[in-house]
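Student: Pasting in a structure now, in structure tokens, and then I'll have a few things to ask.
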Amino acid sequence: MIRKGTIDDVEQIAEVHVSSWKTTYTGIVSDSFLAQLSVERKIEQWTQVIQQPGGFMYVAEENGRIVGFVNGGRRRVEEFPYHGEIYAIYLLKEFQGKGIGNRLFEASVDWMMEQGWNSMYVWVLEENLSKYFYEKMGGQPFKEDQLEIEGIKHTEIAYGWKF
């Protein structure tokens, strides 16, 4: 089930976020960076995010457990030719490949269209295999940038959609 996320979901959202980073980014970012990720800090982050107006948070729930989420809103880079942005989309590893990510993505598109927007983008690390998900969903790479994590530079790719 895909539904709007609420403040009551923050702890499970934080758990999905930390777990997803640890499974997705092992071997990509440093082990020390992954080791310092904490659910408690992510609870603080997502509490603030969910309380801010103007964006969206959808969660994927299975048997009462949140297994994934997507968060986004207005673009953060004004010069990009897209109206909206997915800021974060995470899914527990054991629930990937089951169509849940597609449904979270579609909820994002629906929200963007409700705003009267006809486009969006997302940033993804080049080494992250989820970039193939974005390509499968029709995303077109349009920009690269560098993101530094613990002194190591990683290439980020921005994928965009017009709808």
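Student: Simple spin-label model, 7 Å along Cα-to-Cβ: Met113 to Arg76 in nm?
Tutor: Reported label-point gap for Met113 and Arg76 is 2.6 nm.
Student: Is there a pair in Lys98/Lys136; Lys42/Lys153; Lys4/Lys143; Lys93/Lys136 whose C-alpha atoms are over 26 Å apart, and which pairs would that be?
Tutor: Beyond 26 Å: Lys4/Lys143.
Student: DSSP H helices in the chain with Cα extent of 15 Å or more along the helix axis and mean Kyte-Doolittle hydropathy at least -0.5? Write down the numbers at each step before the final one.
Tutor: Working: long enough: 10-24 (21 Å, -0.17); 39-51 (18 Å, -0.78); 100-114 (21 Å, 0.02).
Helices meeting the criterion: 10-24, 100-114.
Student: Where a Cα-Cα gap under 19 Å defines reach, which aspartates and glutamates qualify for Lys162, not counting those fewer than 8 residues away within the same chain?
Tutor: Glu78, Glu79, Glu85, Glu106, Asp110, Glu114, Glu135, Glu144
Student: Next up: Which log10 I(q)/I(0) values, to two decimals, does the stretch 67-159 give at q = 0.15, 0.17, 0.22, 0.23 Å⁻¹ under the Debye formula with one point per Cα?
Tutor: Cα-only, vacuum Debye calculation for the stretch 67-159: -0.60, -0.77, -1.22, -1.30.
Student: Please check: in the Gaussian network model of the chain (C-alpha springs, under 10 Å), which one of Tyr87, Tyr132, Tyr121 has the largest mean-square fluctuation.
Tutor: Tyr132
Student: Next up: Val70: net charge of surrounding residues, Cβ under 12 Å, Lys/Arg +1, Asp/Glu -1, itself excluded?
Tutor: 0
Student: When Lys and Arg each count +1 and Asp and Glu each count -1, what net charge do the other residues less than 10 Å away from Ile28, Cβ to Cβ, add up to?
Tutor: -2
Student: Where Lys and Arg each count +1 and Asp and Glu each count -1, what net charge lies around Tyr159 among other residues with Cβ under 10 Å from its Cβ?
Tutor: Values: positive: Lys131, Lys143; negative: Glu135.
Result for the neighbourhood of Tyr159: +1.
Student: Once you have a ≥ b ≥ c as the square roots of the Cα gyration tensor eigenvalues for the chain, tell me rounded if a/c is under 1.5, and otherwise prolate or oblate according to whether a/b is larger than b/c.
Tutor: It comes out rounded by the Cα gyration axes.
Student: Compute the Cα gyration tensor for the stretch 1-53, then decide on rounded, prolate or oblate, letting a ≥ b ≥ c be the square roots of its eigenvalues: rounded whenever a/c is under 1.5, prolate when a/b is larger than b/c in the other cases, and oblate in all that remain.
Tutor: prolate
Student: Could you pull out which residues in the stretch 96-112 have an amide N less than 19 Å from a spot 7 Å beyond the Cα of Thr23, following the Cα-Cβ vector?
Tutor: Residues 96-105 fall inside that zone.
Student: Would you mind telling me which residue in Leu104, Leu92, Leu129 has the biggest mean-square fluctuation in a Gaussian network model of the chain, where springs connect alpha carbons within a distance under 10 angstrom?
Tutor: Per the Cα network of the chain with a 10 Å cutoff, Leu129 tops the list.
Any read-out appearing in this document is the output of simple, stated calculations on the displayed coordinates, not a laboratory observation. On a predicted model such as this, the values are computed, not experimentally measured, just so you know. All Cβ positions, even for glycine, are placed from backbone atoms using ideal geometry, and neighbour counts span all protein chains on display.
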